[in-house]
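Accompanying notes for the structure given below.
The values are calculated or read from the model by the stated rules, or taken from the named source; none is laboratory data. Since the model is a prediction, treat every value here as computed from it, not as a measurement. When we count neighbours, we look across all protein chains shown, and the Cβ atoms used for this are built from the backbone with ideal geometry, even at glycine.
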Amino acid sequence: MSYSIWIALVLAIWAYIGIVTTLGPGLWWQEALVSGFVTGVIVGNIPLGLTIGGSLTLLSLGLWTYGGATIPDFQTGSIVGTAIGALGGGFPAGFAIAVPTALLMTQMDVLGRAVTTIFIHGADHYTEEGDERGVSAMHLLGQLPWGLTRAIPVFLAIWLGAGPIQSLIKTAPAWFSNGMITAGHVLPALGFALLLSMLPLRRYWPFLLIGFLMFAYLNMPIIGIAILAVAIGFLFNMIQTRGAVNV
Amino acid sequence: MSEQIENQSVQSEKTGLEQGDLASHNGNFAPLSRSTVRSAMWRHLITLQWSWNYERMQALGYLYSMLPVINEVYQDKDERIAAMKRHLVFYNTNPQVGSPPIFGATVALEGQHEGKAVDSLKVGLMGPLAGIGDTIQAILFRPIVAVFAASLALSGSYFGPVIIFLSGILWTVLMIPLFYFGYRQGIGVAKEVTSQGTLTRVTEMVTMMGMIVIGGFIPSIMAAVQTPLKYVQTVSSQGQTHTETVALQSTLNAILPYMLPVLFVAFAYWLLSGLKLSAVWVLVILFVIAFVCGAFGIL
């Protein structure tokens, strides 16, 4: 089983659109859940797109490109993973491809960000001449390194790679699937830990415990915990502002 | 001073967004035309980061967005070139929350030929607004929405991706009022941002809410992390001894429910904050541990 060149092309275009619309206007189409879902629609396996996209989303919880930092590329990971898993092998195969792809793609992200530097030097040159069309062209073409560093790997992986990789994974024994499924269950720990490492945990840890208690001991549904959180947040605000008024 | 206050109140009474008349209050220069302001706003909204690069990051996107304004304000070619050069310096901030008010304010100032004020406003505000914008989006909004969406998706619901999709549209649409807020405030935007009393309180409040929700998310999302291991113990009852098989998981539950999810998060937190490992390394480590445990049937 493998994909036609046309599916590969459509997925490559989707990868290109996903990253460029993330740069502007910022539509969140690079989110694994959206890119996995759309890939699922294209390759005809929406449930797989949802599970791979959902799992990758959970382990990217605390990830953000602060100041232009490079983070694992779960957009490309979810596209390639969903497409390959859809050939057969399902979640274990797709997830086994998605995570390494996301990690390897960090190199392409660095490349894209570096190559775009050419365009700002071009813009310097056109500015010197007062050529506004040249400056505009430089800016608008800046999307090419960004988009192509995603589109080309996706195209090659789906067109040439999907078949061979798929036949390799399909023969994988049961322990391989079990390992992958467990990894999918455990990896959200990274997302939560990243998030907690960016929050002032030392100061706010009691609130973390309240949430845990509500779920683990009182079996409160998450929506209930969210409502409780809003109440507690406003309660604290009330206490603090009252203190300020009294002073 | 009183005149300024008057001007502000006049401005705040107007509710329409597209007023190219900020200049008329200062009276020195003709106001920018509506279409110029609108065109700059859309350029910024749609393309700001298309040419993001390591050297000057969002600088070229900023210049491209400002071009309609520069064209209208400066008739002389050398002046135009000088203005363009000013915007080719390093610029980087949060694109959706931080940049629109900065850009709006500098469009207004550029219309008043206040080049120096434009440059210092950009430099002064890009840091604070990057911090505020990233905190709101990356720490408070995105994780909570993403967990809801992901758990919906994992249970097979299409609403998962739809929620993320709508979130993206929400932030994009918000860029429009944020831009016009900056445009109407002009230089006053700096005062709004630096007087952070309300802002810190809101951030603090939302941090508390986020903490509580995350505390509930950890056990609920990772509930599947359980061990199938069993052990045999010898029990003596009524003078007779016999052996029975006990699931390790039920023993763990008796000590602390959801102990394994908590331990994994604590371990990952320690790797990140204690050992200062990068997220990529922690991902690799967790992946290997989980895969091996799963493959050998420990988890």
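Data for the structure
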item: A:S35 being polar (S, T, N, Q) and either within 19 Å of B:S157 (Cβ to Cβ) or without any contact (Cβ under 8 Å) to a residue 40 or more places away in the chain (or both); result: yes
item: Wholly within segment B:188-299, helices (runs of 4 or more DSSP H) carrying at least 3 residues that are within 28 Å of A:G62 (Cα to Cα); result: B:197-221, B:259-269, B:279-295
item: Number of the condition not met by B:G215 [criteria: (1) of a type in the set (G, A, S); (2) without any contact (Cβ under 8 Å) to a residue 60 or more places away in the chain; (3) surrounded by 23 or more Cβ atoms within 10 Å (Cβ to Cβ); (4) farther than 23 Å from A:L218 by Cα]; result: (4)
item: Residues of segment A:58-82 that turn out to be within 14 Å of chain B (Cβ to nearest Cβ) and in contact (Cβ under 8 Å) with a residue 40 or more places away in the chain, as a count; result: 16
item: Segment B:28-85, residues that are more than 23 Å from A:T116 (Cα to Cα), of a type in the set (S, T, N, Q) and not in a helix (DSSP H, G or I); result: B:N28, B:S33, B:Q75
item: Residues of segment A:214-226 classified as at the interface with another protein chain (Cβ under 7 Å from one of its Cβ atoms) and of a type in the set (V, I, T), total; result: 2
item: Hits in segment A:181-213 (condition: more than 7 Å from chain B (Cβ to nearest Cβ) and touching a residue at least 60 places away in the same chain (Cβ under 8 Å)); result: A:G184, A:G191
item: Candidates B:Q196, B:Q240, filtered to the one that is more than 27 Å from B:A138 (Cβ to Cβ) and at pLDDT below 90; result: B:Q240
item: Residue check for B:P143: away from chain A (no Cβ under 14 Å) and under 30 Å from A:V38 (Cβ atoms); result: no
item: Residue in segment B:218-235 that is surrounded by fewer than 11 Cβ atoms within 10 Å (Cβ to Cβ) and closer than 30 Å to B:K116 by Cα present; result: no
item: Meets criteria (more than 30 Å from A:L48 (Cβ to Cβ) and either at the interface with chain A (Cβ under 10 Å from one of its Cβ atoms) or modelled with pLDDT under 95 (or both)) for B:I163; result: no
item: Qualifying residue in segment B:67-75 (condition: within 7 Å of chain A (Cβ to nearest Cβ) and closer than 14 Å to B:T106 by Cα); result: yes
item: Boolean, A:I239 is more than 7 Å from every other protein chain (Cβ to nearest Cβ) and not hydroxyl-bearing (S, T, Y); result: yes
item: Residue within segment B:101-113 that is crowded, with 16+ Cβ neighbours inside 10 Å, within 14 Å of chain A (Cβ to nearest Cβ) and at pLDDT 90 or above present; result: yes
item: Sole residue being in the same structural domain as A:G161 (by TED's automatic domain parsing) and outside any loop (DSSP other than H, G, I, E, B), chosen from A:I71, A:I79; result: A:I79
item: Search result, residues across segment B:258-299 that are buried (at least 17 other Cβ atoms within 10 Å of the Cβ), among the aliphatic types (A, V, I, L, M) and at the interface with chain A (Cβ under 7 Å from one of its Cβ atoms); result: B:V265, B:A268, B:L272, B:A279, B:V282, B:L283, B:L286, B:A290, B:A295, B:L299
item: Given (1) within 24 Å of A:T57 (Cα to Cα); (2) at the interface with chain A (Cβ under 9 Å from one of its Cβ atoms); (3) surrounded by fewer than 16 Cβ atoms within 10 Å (Cβ to Cβ), index of the condition B:L174 fails; result: (2)
